[in-house]
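First the structure, in the form of structure tokens, and then the observations on it.
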Amino acid sequence: MAANYCASRFQSIRRNSRIVSIGKIPIGGRHPVRIQSMTTTDTLNVAGTVKQTIELAEAGCEIVRITAPNVRAAQALGEIAKEVRSAGFDIPLVADIHFLPQAAMEAAKHVEKVRVNPGNYADRKNFKIREYSDSQYEKELSRLHQSFSPLVLRCKELGRSMRIGTNHGSLSDRIMNRFGDSPRGMAESALEFIRIARSHNYHDLVLSMKASNPKVMIEAYRLVVSLMNEEDMDYPLHLGVTEAGDGEDARIKSAIGIGSLLLDGLGDTIRVSLTEDPVAEIPVARDLARRAESWWTYERKDLFEQIEKIDPFSFHRRESSNISLSPRGLSIGGKHPPAVFAHSSHSLPETAKIVSTLANVQVSSKDAPVEGLILTLRNSADLTHLAMLRSSLLGAVNCLIIDDQRDGSDDDSIPHHRPNLVPLLWHAQNATIDSASLARFLTLCEASGNQAVLSVDPKSLDEGISTILANTATPLIITLNPHNCENLVSGYRELVLYISTLGILSPIWIRNNENSNLFTEDDSFSARLLDSSILSGSLLCDGIGDILSVEHTDSLDRNRGLTYNILQGARARISKTEFIACPSCGRTLFDLQSTTHRVKQATGHLKGVTIAVMGCIVNGPGEMADADFGYVGSGPGKIDLYVGKNRVKSAISENDAVDQLVQLIQEEDKWIAP
Ligand code: SF4
């Protein structure tokens, strides 16, 4: 399928979307990316909801959503809006509607925008009919037209905008039966509603395609834009990864999903959904938005467009050669999960520190070890320490990656491969400066028996270098030399395209270090976390990446952990329990943050198991999508437990629920001792 969802995958060109006003806030077109969030208070608690709305506005939130689970709550929105305005805040409010058209009709009287979920606005799940004939399908659509049109007409009359907010896992029976719980199903679900709105000449629409899995989310947004393009639709996009959970993992998932799409030029308003105080969402969202605005252009700089062999709407890992390193058996590329390299901040003469730090890290992280240790070589004198290290580290790590930063005149000595020493991957920064340097470097690696790693700048390669690369018999590991790149994701895409035209299937090493910052105004750790997640996540979700390293901190263990967390966020390599947790809202009847924490403490060691903690029975079961186990609030102090989509325990006391969840995991044979 052609990549017709964005102007270019090699330049970050903003999509030309229609401008839709949410009250006084215009979104789309060339307006800044708007930041939004949602209250977590009970909507009937007017004072509490007003207070939280004002806190959000003061933190920089530009649009606030409030749940309206019934008509009474929808009526309360009138009072909330009045009090927020009289406190001097004109921030637009959005009603969040699931299932109840009557609540939507009431809410539209009071707030600037109404969000409907096309999976449940006029449909209930009953699965009575598995296959819809064309005429049954048409009949369903005309029923939908009748149910949805009154809201469209009311919004049109009152000047309200509307979000068609599709969620993975929460699709109608009709869509599920025809398209499945897939990006295609999500896109079609929204398009059905958009077509009805357009039939009434109503266009104040915004779309979202949220999923807890960033890969699914990225594909769904790309696909809906592509399908909209085919029907001449230009509605703006609200981006978000739903049920992302809390802490670092949630920020990583959001940055992967939202950041990848922003880099594609897509997105007009964003919500970073966290199972935390909603105010905590705002700085993360603002950081992502400012990045996008710094990347975006509105016109193509380079008219030449390159054609990739990639399906941007469905995940396929890029084909790469398998490289096996003896004697410890690490395999890189091919079908192996991306390998984890971590950078040591110690210099080579600090041999004892390198050995002891690595030993401590490996002991405490058996399921997620450092597989390759990156060491910097600054002068040839340090090679004496390398010999000692290679023998001391045998059995502690699979390989050493030597970042050779010696002067060109000094780089002609490389230690030989020895079966009784840790294998070496040799990376000379300047090896691709010209064809003579490259030929010399490859000869040295071949003669010494070490694996060659090249930094390649696809923009500055001459024919001589291309010829040598195309004719190299031994497999190479390749990473990007970011020197000439404005946009590193595009740089890696160009690199992959370039080597594929030479017939090279080298494994690709995605490096996140001081040369790979996507946004240069901020050098904080949180900024680097977003940069690494966006760069690595965009590429991993495109199927690119056989080795990953995050090299931003001085701590080996932190760099290792971040690398695994990003791989898990991109669903490229699972090394721990995967948690899905909704951010909570006015429907939540228990303390979701502390509960999520307790569930994590009890089950955080279950590698490969996905556990969802959801605030309500109305949306939770549908939206926990692909979870193995679900912990879902079903009433005050009451919890239902799920195995997959099946409810297996109902209305158990909140006090016993975590223990019963553990018991359930044991019964299902998914438990291992902590
Ligand atoms: S699943 Fe969570 S965020 Fe979604 S409606 Fe229910 S309580 Fe609210």
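Side notes on the structure shown:
- The residue that is least open to solvent (accessible area, probe 1.4 Å), among those in the stretch 455-467 that are over 15 Å from T501 (Cβ atoms) and in a helix (DSSP H, G or I), is G464.
- Residues of the stretch 628-648 that are of a type in the set (A, V, I, L, M, F, W, C), within 23 Å of I97 (Cα to Cα) and open to solvent by 10 Å² or more (accessible area, probe 1.4 Å): none at all.
- Residue match in the stretch 568-575 (condition: surrounded by fewer than 24 Cβ atoms within 10 Å (Cβ to Cβ), within 16 Å of the ligand (Cβ to nearest atom) and under 21 Å from the mean Cα position of the chain (by Cα)): no
- Test result for S170, within 15 Å of F99 (Cα to Cα) and open to solvent by 20 Å² or more (accessible area, probe 1.4 Å): no
- Extreme residue, surrounded by the most Cβ atoms within 10 Å (Cβ to Cβ), among residues of the stretch 19-40 that are in a strand (DSSP E or B) and touching a Lys or Arg at 6+ places or on another chain (Cβ under 8 Å): S37
- Near pairs, Cβ below 6 angstrom, 6+ apart or cross-chain, from the stretch 595-619 (at positive phi) to any residue that is more than 16 Å from the ligand (Cβ to nearest atom): G608/I574
- Those helices (runs of 4 or more DSSP H) of the stretch 334-453 in which at least 1 residues are of a type outside the set (S, T, Y) and touching a Leu at 6+ places or on another chain (Cβ under 6 Å), considering only elements entirely within it, cover 351-364, 383-392.
- For the stretch 636-663, filtering for residues that are out of contact with any helix residue (DSSP H, G or I) (no Cβ under 8 Å at 6 or more places or on another chain) and on the phi > 0 side of the Ramachandran plot leaves 2.
- Some residue of the stretch 224-232 being open to solvent by 10 Å² or more (accessible area, probe 1.4 Å) and not in a helix (DSSP H, G or I): yes
- Among the residues of the stretch 41-64, those that are open to solvent by less than 10 Å² (accessible area, probe 1.4 Å) and either in contact with a Cys (Cβ under 9 Å, 6 or more places away or on another chain) or of a type in the set (G, A, S) (or both) comprise T43, T53.
- Test: residue in the stretch 256-268 that is open to solvent by 40 Å² or more (accessible area, probe 1.4 Å), farther than 22 Å from P26 by Cα and among the small types (G, A, S): no
- Any hit, the stretch 136-155, residues being within 16 Å of the ligand (Cβ to nearest atom), under 29 Å from D181 (Cβ atoms) and surrounded by 23 or more Cβ atoms within 10 Å (Cβ to Cβ): no
- Selection count where residues are small (G, A, S) and open to solvent by 10 Å² or more (accessible area, probe 1.4 Å), scope the stretch 587-622: 5
- Given (1) crowded, with 22+ Cβ neighbours inside 10 Å; (2) more than 16 Å from the ligand (Cβ to nearest atom); (3) of a type in the set (S, T, N, Q), index of the condition S584 fails: (2)
- Any chance A625 is modelled with pLDDT of 95 or more, open to solvent by less than 50 Å² (accessible area, probe 1.4 Å) and part of a loop (DSSP other than H, G, I, E, B): no
- Candidate set: the stretch 48-100, residues that are of a type in the set (S, T, N, Q) and within 16 Å of the ligand (Cβ to nearest atom); chosen: the one farthest from the chain's Cα centre (by Cα): N70
- No other residue among R528, R573, R560 is modelled with pLDDT of 90 or more, farther than 30 Å from N655 by Cβ and not in a helix (DSSP H, G or I) apart from R573.
The values are calculated or read from the model by the stated rules, or taken from the named source; none is laboratory data. Keep in mind the model is a prediction, meaning the values are calculated, not measured. Glycine also receives a Cβ, built like all others from the backbone with ideal geometry; neighbour counts cover every protein chain displayed. Side chains are part of the model used for accessible areas, which takes the heavy atoms of the whole protein and leaves out ligands, DNA and RNA. Shrake-Rupley method; radii C 1.70, N 1.55, O 1.52, S 1.80 Å.
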